[in-house]
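Chemist: Sharing a structure here in structure tokens format.
Here, each number is a calculation from the coordinates, and none is a lab measurement. Computed from a predicted model, the values in this text were never measured in an experiment. Cβ coordinates were reconstructed from backbone atoms using ideal geometry, including for glycine residues, and neighbour counts include every protein chain displayed.
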Amino acid sequence: MRQDALLDNPGTADSLENKSKHISAVQQKFEAIFGDSPEFIVSAPGRVNLIGEHTDYNDGYVFPVAIDKYINIAVRERADRRIVLHALDVNESTELNLDALHPIPTDAPNWSYYLIGVASLLQASGNEISGMDAVISGDVPIGAGLSSSAALSVSAALAFVSSSKLTLSLNTGASEERKKEFAALCQRVEHEFVGVNCGIMDQTISLLGRADHGLFLDCRSLEYEHVPLNLDAHCIAISNTKVKRELAASEYNKRRAECERGVDILKQWIPSISSLRDISITDFEKYEGKLPTLTQKRCRYVIEENTRVLNAVSTLKARNQQPTEKIDNSLLTFGRLMNASHKGLRDDYEVSCSELNLLTDIARSVDGVIGTRMTGAGFGGCTVSIVHRDALETFHTRVMAEYQKQTDIEPEIYICNVSSGAQIFPN
Ligand code: GLA
């Protein structure tokens, strides 16, 4: 048993129960395929972002939580250079060689790109990694805006470094820095192997999440604070539109380019800025008329969203210190900021879609829903709502019935616990 490999991230009782179900599934499958037990199992959560959307790649602020949905990988080190992988949920196997990852083998399935990317980047930065046998499985819905891909690359990174005995610093004082390095490496996998110029939020929360806390992250300095959520009688409900637009990746990259263009133009008058994070709305309003209309809208959204995150986080922090009678008002403020975030994403940033708008409209019609918005990159995927426990049943019934009636699609609803970040379980 490898005691040194454990990360110090306890989860809630519910999330641990759910996790152990999935962990035993990968473990059993590993034993069935490889005829031996795995050495350890790594587990990385998906995330839902409460507020701060499309701000991460603009050097801004985000406030995501890790959820109790995970990608798990059961792993055993091999003595040779082969990587033998089985993806349980799609029932697909593939075999790779650590010395033949470039160019990506033509028969490599898409999901294996994340492992290929992680292995390639680890090796390129001088890490000696070993071959491994691995079984992968998870319950983060794929392509639903809950960061299944970040959870896959994070768990892959931990699998490689663990099987190659490179984990030593993970549970020492240096571990936070090490986790940030992993997050950056996994972000590069998206950029260089998948083609999405994503920000740093998803990988960071998957590594640094804490049970019952939101992660207030400054995406420029990477400084962060775990803020207690204390939602009391409220819970986090995620509703899945079950739609996914093929254009999502290219539209995402386009938004990023539009923001950069805005900064370049604004620099003529405010040379000190290097990202939208550096401009107050008052300064922006002095010059916005000089920007092309579309650029104006994109920039305005990002600048306003950064302010919303700061307000949302300070509201929650103040609430944690307030006498109980003021609590509901603070939570209502948090909810209003979520609603305003959705409006900006819909009207100015234009990354929502009719299905996401419909889900937020239905949610808002339920008494006891204090805020709701699309979450993640958009163009389909999920909404996140803060719902009073007493209203959950009505919420469930109405969202399921109304959404299906108007779209002919059966949505899914997940009531999520806020979980801890990635962990390694020695077997
Ligand atoms: C995706 C990206 C993140 C972030 C969100 C939008 O999840 O991976 O980096 O930009 O979209 O907030």
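Chemist: Name the most mobile residue of K297, K405, K317, meaning the one with the largest mean-square fluctuation, in a Gaussian network model of the chain with Cα contacts below 10 Å.
Modeler: K405
Chemist: How high is the relative contact order of segment 214-284, in percent, counting Cα pairs under 8 Å that sit 6 or more residues apart? Walk me through the numbers before you get to the answer.
Modeler: Numbers: 25 pairs, mean separation 10.3, N = 71.
Averaging sequence separation for qualifying contacts and normalising by length gives 15 percent for segment 214-284.
Chemist: Just round it to a whole percent: the fraction of Cα-Cα distances in segment 286-427 exceeding 19 Å. Let's see the in-between values first.
Modeler: Working: 6053 of 10011 pairs.
In whole percent, the long-distance tail amounts to 60.
Chemist: Given springs between every Cα pair under 10 Å in a Gaussian network model of the chain, which of F63, F182, F34 has the largest fluctuation?
Modeler: Maximum fluctuation in the GNM of the chain, among the listed residues, is at F34.
Chemist: Need one number: % antiparallel among DSSP beta bridges in the chain, to the nearest 5.
Modeler: If we restrict to bridges inside the chain, about 90 percent are antiparallel.
Chemist: Same structure, new question: Starting from a Cα-only point model with no solvent, please compute log10 I(q)/I(0) by Debye for segment 353-427 at q = 0.12, 0.22 1/Å.
Modeler: Each listed q corresponds, in turn, to -0.38, -0.99.
Chemist: How far is it, in nm, from the label point at R364 to the one at Y287 when both lie 7 Å from their Cα along the line to the Cβ?
Modeler: Taking the two extended label points, one gets 3.3 nm.
Chemist: Next up: For segment 58-76, list residues with backbone N below 19 Å from a point placed 7 Å from the Cα of K21 toward its Cβ?
Modeler: So the set is 67-74.
Chemist: Please go through the residue pairs K21/K69; K242/K405; K290/K343 and name each one whose alpha carbons sit more than 22 Å apart in this structure.
Modeler: Those over the limit are K290/K343.
Chemist: Want the number for E393 to Q268: 0.36 nm per residue separation, take away the alpha-carbon distance, what's left? Provide the component values of the computation, followed by the final result.
Modeler: On the way: separation 125, 0.36 × 125 = 45.00 nm, distance 5.40 nm.
So the chain would gain 39.6 nm between E393 and Q268.
Chemist: Taking 0.36 nm per intervening residue step and subtracting the Cα-Cα distance, what contour gain separates A318 from D107 on full extension? Display every interim value, and only then the final one.
Modeler: Details: separation 211, 0.36 × 211 = 75.96 nm, distance 5.39 nm.
This chain segment gains 70.6 nm when fully extended.
Chemist: Could you work out the relative contact order of segment 236-395? I mean the mean sequence separation of Cα pairs under 8 Å and 6+ apart, divided by the number of residues, in percent.
Modeler: Numbers: 199 pairs, mean separation 47.5, N = 160.
Relative CO of segment 236-395 lands at 30 percent.
Chemist: How big is the Cα convex hull of segment 243-301 in projection, averaged over all directions, in nm²? Kindly include the intermediate steps, with their values, before the conclusion.
Modeler: Details: hull surface 17.8 nm².
Directional mean of the projected Cα hull area for segment 243-301 stands at 4.4 nm².
Chemist: Could I ask something else about it? Starting from the alpha-carbon convex hull of segment 219-278, give the projected area averaged over all orientations, in nm². Show your work: numbers first, answer last.
Modeler: On the way: hull surface 29.2 nm².
Result: a mean projected hull area of 7.3 nm².
Chemist: Rounded to the nearest 20 debye, what is the charge dipole size of segment 209-334 about its Cα centre when +1 sits on each Lys and Arg Cβ and -1 on each Asp and Glu Cβ? Let's see the in-between values first.
Modeler: Values: 20 positive and 18 negative charges, 95 e Å.
Dipole about the Cα centre, nearest 20: 460 debye.
Chemist: Right, here's the next one. Run the simple label-point estimate for N97 and L222 please: 7 Å along Cα→C-beta, distance reported in nm.
Modeler: 3.4
Chemist: How do S20, S125 line up, fewest other C-beta atoms within 10 Å first?
Modeler: Working: S20 14, S125 10.
Ordered by Cβ neighbours within 10 Å, fewest first: S125, S20.
Chemist: Another question, if that's okay. Considering only S155, I303, L331, whose Cα is most displaced toward the positive end of the charge dipole of the chain, charges sitting on Cβ of Lys, Arg (+1) and Asp, Glu (-1)?
Modeler: I303
Chemist: Just grab the label-to-label distance for I409 and D232, each label 7 Å out from Cα along the Cβ direction, in nm (one decimal).
Modeler: That separation, rounded to one decimal, is 3.5 nm.
Chemist: Which whole-number percentage describes the relative contact order of the chain, with Cα contacts under 8 Å and a sequence gap of 6 or more? Could the numbers behind the result be given before it?
Modeler: Values: 873 pairs, mean separation 107.5, N = 427.
Answer for the chain is 25 percent.
Chemist: Tell me the angle of helix 175-189 to the major Cα principal axis of the chain, expressed in degrees between 0 and 90 and rounded to the nearest ten.
Modeler: Helix 175-189 sits at roughly 90 degrees to that axis.
Chemist: Work out the FRET efficiency for D89 and S175 from their Cβ-Cβ distance, taking R0 = 25 Å, and round it to the nearest 0.05.
Modeler: Rounded to the nearest 0.05, the efficiency is 0.25.
Chemist: Compare R188, R47, R82 in a GNM of the chain, Cα atoms joined below 10 Å, and give the one with the largest fluctuation.
Modeler: R82
Chemist: May I ask for the Rg/Rh ratio of segment 84-195, computed from Cα atoms with Rh as the Kirkwood radius, given to two decimals? Numbers along the way, then the final one.
Modeler: Details: Rg = 13.6 Å, Rh = 14.5 Å.
Ratio of gyration radius to Kirkwood radius: 0.94.
Chemist: Now for a separate question. Whole angstrom only: what separates the Cα centroid of segment 344-399 from the Cα centroid of segment 412-427?
Modeler: 22
Chemist: So if I take the alpha carbon set of the chain, get Rg, then get Rh from the Kirkwood formula, what is the Rg over Rh ratio? Walk me through the numbers before you get to the answer.
Modeler: Numbers: Rg = 21.5 Å, Rh = 22.1 Å.
That ratio is 0.97, to two decimals.
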